[in-house]
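Engineer: I am attaching a structure below and will ask some questions about it afterwards.
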Amino acid sequence: MNTHTQQQRVLVVGAGYSGLMAALRLSPHAHVTLLDPVGHLTERIRLHEVAAGRPESEVTHPLTARFLRHTRITHHTGLAVALDPVARTVTTDSGQVMPYDRLVYALGSTTRLPAAHHERLFTAETAPALHKRLLDGPGRLTVVGGGLTGVEMAAELAERHGGGWEVRLLTSDELAPSVSDKGRAHLRKSLRALGVRVEEGTRVDDPADVDADAVLWSASMAANTGLAVAAGLALNSHGRIDVDAARRSVSYPEIYVAGDAGGTQRMSCQAALPLGTRVAASIVSEGRGRGPVARPISYVLQCVSLGRHDGLVQSVRRDDSPRRLVITGRAAAFVKEQICASTVTSLTLAARRAGLHRSP
Ligand SMILES: Cc1cc2nc3c(=O)[nH]c(=O)nc-3n(C[C@H](O)[C@H](O)[C@H](O)COP(=O)(O)OP(=O)(O)OC[C@H]3O[C@@H](n4cnc5c(N)ncnc54)[C@H](O)[C@@H]3O)c2cc1C
């Protein structure tokens, strides 16, 4: 182990997929503090399952007991409310000022809400409330947004609540623009079989215009850049933090950005986990005096669940553009479930590895 890197204070803000992975990978090599408002990892990729009725407790994992217990990471529960990139500090909602040599900004993304708020409006982030509302049914549910998340939501909810609820999906574009024609044909067919009425080419700006008892808004995701913008970090044309090839902020190179918050990659767990690993490797390399490491991520698959018994596995090129090969049906549902489970497994393995290096 290198003494330079041991002396680095790395503050990781956000304990989602990318932040937690970065913290675990850095743990043997630096003084790592992990700042997150809640004491658990939420499997965001399963929030459509929660909306359909899966208990939230099954998709949340206590940070300390499951991942941090045997590592050298200091976990601090709190919300980052201010970033001072000149003084190199982050201030929490309890007023604590946390200094850093390197910051990993891993605040992820949330559903981009429409300008008008509406009481019938739900998002992935309010999945438990949506489930409660669906239990009060029957009624008409409209999912707005035909990207992969909107498709997964519509299918899951129709499969689980289809008896009482009429489910409709509205999307301004064609359904799931990122998959191949063959993949899209399967999505359309499966949604139809589940009773979902899909209306492509229908743009909605205001949920109040939607004739439904409940509206699930899934039109797009916005990177959590509030802290970064207030601190003067430059954003790119996607409204995410502008980063160099090593994922350092172009404004302040001691700030690394992991996951959805920065860059231009598809917002996904598939990218967030390896980005956490890459950011950690780059910080370790810098600490050893070797400079930052730039290693782009490459894609293999896009996976969509269509309820619990069907799915789509779309093979893609390294740049995420779709290839011809698709897997559908139960086999795809099985693959998708294995991939979802592997996210927590990979974090658990990283935690074990970090634990082995606990003693200096
Ligand atoms: C329903 C649904 C299904 C999805 N399915 C898939 C899928 O099948 N495959 C896939 O690859 N991707 C999927 N995604 C996308 C995936 O979940 C995200 O891209 C991924 O979670 C991004 O990881 P992240 O580490 O960047 O951020 P996140 O996982 O969003 O984590 C951000 C963390 O930051 C914390 N935080 C936020 N604000 C603050 C603050 N001020 N201070 C401190 N901490 C803060 C949060 O508590 C959270 O822990 C899905 C998303 C949704 C909503």
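Computed from the coordinates by the stated procedures, all read-outs in this text should not be read as laboratory data. In this text, all values refer to a predicted model and were calculated from it rather than measured experimentally. For neighbour counting, all protein chains shown are included, and Cβ atoms are generated from backbone atoms with ideal geometry for every residue, glycine included.
Engineer: Near residue 189, which aspartates and glutamates are there with a Cα under 18 Å away, not counting those fewer than 8 places off in the same chain?
Structural biologist: 152, 156, 159, 166, 173, 174, 181, 199, 200, 310
Engineer: Using 1/(1 + (r/R0)^6) with R0 = 41 angstrom and r between the beta carbons of residue 331 and residue 237, what's the FRET efficiency to the nearest 0.05?
Structural biologist: About 0.60, to the nearest 0.05.
Engineer: What whole number of Å gives the distance from the Cα centroid of region 26-42 to the Cα centroid of region 135-169?
Structural biologist: Each part's Cα centre sits 36 Å from the other's.
Engineer: Also, quick follow-up: How tilted is helix 269-287 with respect to the longest principal axis of the chain? Cα atoms for both, answer in degrees (0 to 90, nearest 10).
Structural biologist: Approximately 10 degrees, to the nearest 10.
Engineer: About the Cα centre, and with charges only on the beta carbon of Lys, Arg (+1) and Asp, Glu (-1), how big is the dipole of the chain? Nearest 20 debye, please.
Structural biologist: So the dipole magnitude of the chain works out to roughly 1560 debye.
Engineer: Positive end of the charge dipole of the chain (Lys, Arg +1 and Asp, Glu -1 on Cβ, about the Cα centre): tell me which of 129, 329, 354 has its Cα farthest that way.
Structural biologist: With unit charges placed on the Cβ atoms, the residue in question is 354.
Engineer: Give me the three principal axis extents of region 113-219 from the C-alpha atoms, as integers in angstrom, largest value leading.
Structural biologist: Sorted largest first, the three principal extents are 37, 31, 22 Å.
Engineer: Can you tell me the 0 to 90 degree angle between the C-alpha axis of helix 17-26 and the longest principal axis of the chain, rounded to 10?
Structural biologist: With both axes taken from Cα atoms, the answer is about 20 degrees.
Engineer: Any idea what Rg and Dmax come out to for region 1-137 if you just take the C-alpha atoms, in Å?
Structural biologist: 17.6, 61
Engineer: Let me ask another. Take the Cα radius of gyration of the chain and divide it by 2.2 N^0.38 Å, with N its residue count; two decimals is plenty.
Structural biologist: 1.01
Engineer: Alpha carbon centre of region 316-339 versus region 80-107: separation in Å?
Structural biologist: Each part reduced to its Cα centre gives a spacing of 39 Å.
Engineer: Restricting to DSSP H runs of at least four residues, report the calculated mean residue ellipticity at 222 nm for the chain, -39500 (n - 2.57) per run over all residues, nearest 500 deg cm²/dmol.
Structural biologist: -9500 deg cm²/dmol
Engineer: Tell me, what does the Kirkwood hydrodynamic radius of region 65-125 come to in angstroms if you use every pair of distinct C-alpha atoms?
Structural biologist: Result for region 65-125 stands at 15.0 Å.
Engineer: In the neighborhood of residue 252, defined by Cβ-to-Cβ distances under 15 Å, what is the net charge if each Lys or Arg adds +1 and each Asp or Glu adds -1?
Structural biologist: Once positives and negatives cancel, what remains is -2.
Engineer: What are the residues whose amide H is under 5 Å from the amide H of residue 165, where those residues sit 5 or more places off or on another chain and H is modelled from the backbone?
Structural biologist: Counting only residues 5 or more places away or on other chains, the set is 139.
Engineer: What whole-number value in cubic angstrom gives the convex hull volume per residue for the C-alpha atoms of region 214-286?
Structural biologist: 100 Å³
Engineer: Residue farthest toward the positive end of the dipole of the chain, with Cβ of Lys/Arg at +1 and Asp/Glu at -1: which of 63, 28, 162?
Structural biologist: 28
Engineer: Here is a further query. Loop-only check: which chymotrypsin sites (Phe, Trp or Tyr not before Pro) in region 254-360 are DSSP coil with at most 10 other Cβ within 10 angstrom?
Structural biologist: none
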